[in-house]
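Encoded as structure tokens, here's the structure I'll be asking about.
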Number of protein chains: 2
Amino acid sequence: MSLTLSSASLPIFRTGLANLDHCLAKAEANAAARKFDPNVLVGVRLAPDMLPFAAQIRIAGDAAKLAVARMAGIEAPKFEDNESTFAELRERIAKTQAWLETISPAQLDGREDVDITFPVGRDKTRTMKGEAYLKHWALPNFFFHVTTAYALLRHNGVDLGKSDYLLGAQAGN
Amino acid sequence: MSLTLSSASLPIFRTGLANLDHCLAKAEANAAARKFDPNVLVGVRLAPDMLPFAAQIRIAGDAAKLAVARMAGIEAPKFEDNESTFAELRERIAKTQAWLETISPAQLDGREDVDITFPVGRDKTRTMKGEAYLKHWALPNFFFHVTTAYALLRHNGVDLGKSDYLLGAQAGN
């Protein structure tokens, strides 16, 4: 038995998005307990020149969605980047999860050596083979934004632990 | 061609640690330019009940080291957790990188279905198959600590961008 491009991507993105959604659910409950509007967290940043929480959630989902689309050589659905509430951000995650469910392993497997060209910054592109793209770009990029979202919630006092990030709803309370 | 337990772990950890070390080098240069001692960053935290920067670096390296050791069924070297300077933290990363170089793919491949039991928290363990452990524990855990270290540096004004995290020294300036 060995791993494949699909088995090394789809389950990781599915798990990561489910765990991210769990962290958002805990943040909503924490805000209710602390009696503040959770939506004030949508705009928080770790530094003035870093992207806010909402963008971290959008990009985490897009990192998964675009990685799979590029590896499969298909177009991914575009979302509007207009979420301003936790409910809308969680709906965005759910839409991404639903789209990922439409992808079959056969759309990815065997494409380890296919060239993938993708935008980097505003006016550059980069080309990597499918396997290298997954390992050295798509996965680290996905976890970067999931972890930054987690860090923003922790920085703002939400009662999360690493087990929430790793285990999601299985982490218990 | 398909991925293997070694090809889906060793290069990812090598790249991630090299990029992490690059971020520390940039932080040292940034501290020199801003005329403060970089070692004040060793103790910074994103929340009072989160681990400090030094621990994020130690655990990032240990996440890679222990994941490989557990997947290979061998003992990893123990380090002392006593670093208090950037030089010592970078030496810790280098020691971890050097140990990873001693591991051959044959020590990992074929062990996708071997049970791995590992500590979770203080008094619990968890058991997962090698492949699931890599995908759903070891990789997310590794990137969690690398990204949290990055977030701590950014939060403290170090001039990093995501390309430093993704590309390390290749990111340019």
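Pick from region B:15-47 the residues that are part of a helix (DSSP H, G or I) and facing chain A (nearest Cβ under 10 Å): which of them is most open to solvent (accessible area, probe 1.4 Å)? Give the derivation first.
Step one: of region B:15-47, the residues part of a helix (DSSP H, G or I) are B:15-34, B:38-43.
Those still in the list that are facing chain A (nearest Cβ under 10 Å) too: B:15-16, B:19.
Values: B:Thr15: 44, B:Gly16: 10, B:Asn19: 15 Å².
Across region B:15-47, the extreme among qualifying residues is B:Thr15.
If we keep just the residues of region A:84-109 that are more than 17 Å from the chain's Cα centre (by Cα) and of a type in the set (A, V, I, L, M), which is surrounded by the most Cβ atoms within 10 Å (Cβ to Cβ)?
Restricting to residues being more than 17 Å from the chain's Cα centre (by Cα) and of a type in the set (A, V, I, L, M), the top hit is A:Leu108.
Given the condition open to solvent by less than 10 Å² (accessible area, probe 1.4 Å), in a helix (DSSP H, G or I), within 7 Å of another protein chain (Cβ to nearest Cβ) and within 22 Å of A:Leu41 (Cα to Cα), answer yes or no: does some residue in region A:135-142 qualify?
no
Return the residues of region A:1-14 that are open to solvent by less than 30 Å² (accessible area, probe 1.4 Å) and either in a helix (DSSP H, G or I) or more than 13 Å from chain B (Cβ to nearest Cβ) (or both); say none if nothing qualifies.
Across region A:1-14, the qualifying residues are A:Leu10, A:Pro11, A:Ile12, A:Phe13.
When you look at A:Ala60, is it open to solvent by 50 Å² or more (accessible area, probe 1.4 Å), within 14 Å of chain B (Cβ to nearest Cβ) and at pLDDT 95 or above, yes or no?
Taking the combined requirement at face value, the residue does not satisfy it.
Among the residues in region A:110-130, are any within 25 Å of A:Pro38 (Cβ to Cβ) and either surrounded by 15 or more Cβ atoms within 10 Å (Cβ to Cβ) or within 15 Å of the chain's Cα centre (by Cα) (or both)?
no
Under the condition of being in a helix (DSSP H, G or I) and more than 20 Å from A:Phe13 (Cβ to Cβ), which residue from region A:154-167 is least open to solvent (accessible area, probe 1.4 Å)?
Per the stated criteria, the residue is A:Arg154.
The values are calculated or read from the model by the stated rules, or taken from the named source; none is laboratory data. Just so you know, these numbers come straight off a predicted model, no measurement behind them. No Cβ is skipped: glycine too gets one built from the backbone with ideal geometry, and neighbour counts run over all protein chains shown. Please note that ligands, DNA and RNA were not included when accessible areas were found on the heavy atoms of the full protein model with its side chains. Shrake-Rupley method; radii C 1.70, N 1.55, O 1.52, S 1.80 Å.
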